[in-house]
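Here the structure is laid out as structure tokens; the discussion comes afterwards.
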Amino acid sequence: MSISSIALLALVVVGAVYAVLLYNGLVALKHNVAKNLVNIDVALKQRHDELPKLVEACRQYMQFEQATLERVINARAQVNRAQQARDIGALGVAEGELRAGLGHLFALAENYPELKTDETFRQLQLRITGLENTIADRREIYNEAVNNNNVRIEQFPDSILASLFNFKAQRLLKFSSAEKADVNIAQLFK
């Protein structure tokens, strides 16, 4: 075997190994995006399970705040529908509605001293607030994974393999404009 044949064979082997490494990196990124979305789903499910308990605890004290309780219930249903449909855009909007509803509910709870001292309400409020923070953290991690995936499938030479093997760009979980706006605290107490 000649030196040029050995060099060509070595070049082919190095190229094949490089292509496999690129492919495996793209697969890892794709699965990281999926894993992070599932992690969001887990926290959403936990919050989803806690919300009826919170609404029921509030309902005993807040007979005249039915609209607020309904807003939370409806927003919870929107989040559930968006999750089932795997619609990232709708999930971001529904999440914004639910967060706004919960913020309003917690602000209104200030008007009910008996509710604020109710141990069940306090435990649920702490649990849901903790879950909200977890969801926010997981959204950030998910968006980072999506960004890494999207950048990588557009970079050369990864873009060649990405198009050959049909790797797709993923959608970021965006915040609604309502979530980014300043909060009018006075409005919450009306």
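Along the Cα→Cβ direction, 7 angstrom out, place labels at Asn24 and Arg86. What is the inter-label distance in nm?
2.6
Which helices of the chain meet both criteria: a Cα extent of 27 Å or more along the helical axis and a mean Kyte-Doolittle score no lower than 1.0, with helices taken as whole DSSP H segments? Present the calculation step by step, with values, prior to reporting the outcome.
Numbers: long enough: 3-59 (83 Å, 0.79); 66-85 (28 Å, -0.65); 88-109 (31 Å, 1.04); 119-154 (52 Å, -0.86).
The qualifying helices are 88-109.
Find the lysine pairs in the chain meeting two conditions, Cα atoms under 19 Å apart and a separation of 8 or more places or different chains, and report how many there are.
Total qualifying Lys-Lys pairs in the chain comes to 8.
Using just the helices of the chain, give the 222 nm mean residue ellipticity in deg cm²/dmol: DSSP H runs with n ≥ 4 each add -39,500 (n - 2.57), and the total is spread over all residues, rounded to 500.
One gets -28000 deg cm²/dmol as the mean residue ellipticity at 222 nm.
Hey, what's the per residue convex hull volume over the C-alpha atoms of the chain, in cubic angstrom?
It is 126 Å³ per residue.
Each reported figure results from applying straightforward, stated rules to the coordinates on display, with no laboratory input. All of these numbers come straight from a predicted model, not from anything done at the bench. All Cβ positions, glycine included, derive from the backbone under ideal geometry; neighbour counts span all protein chains shown.
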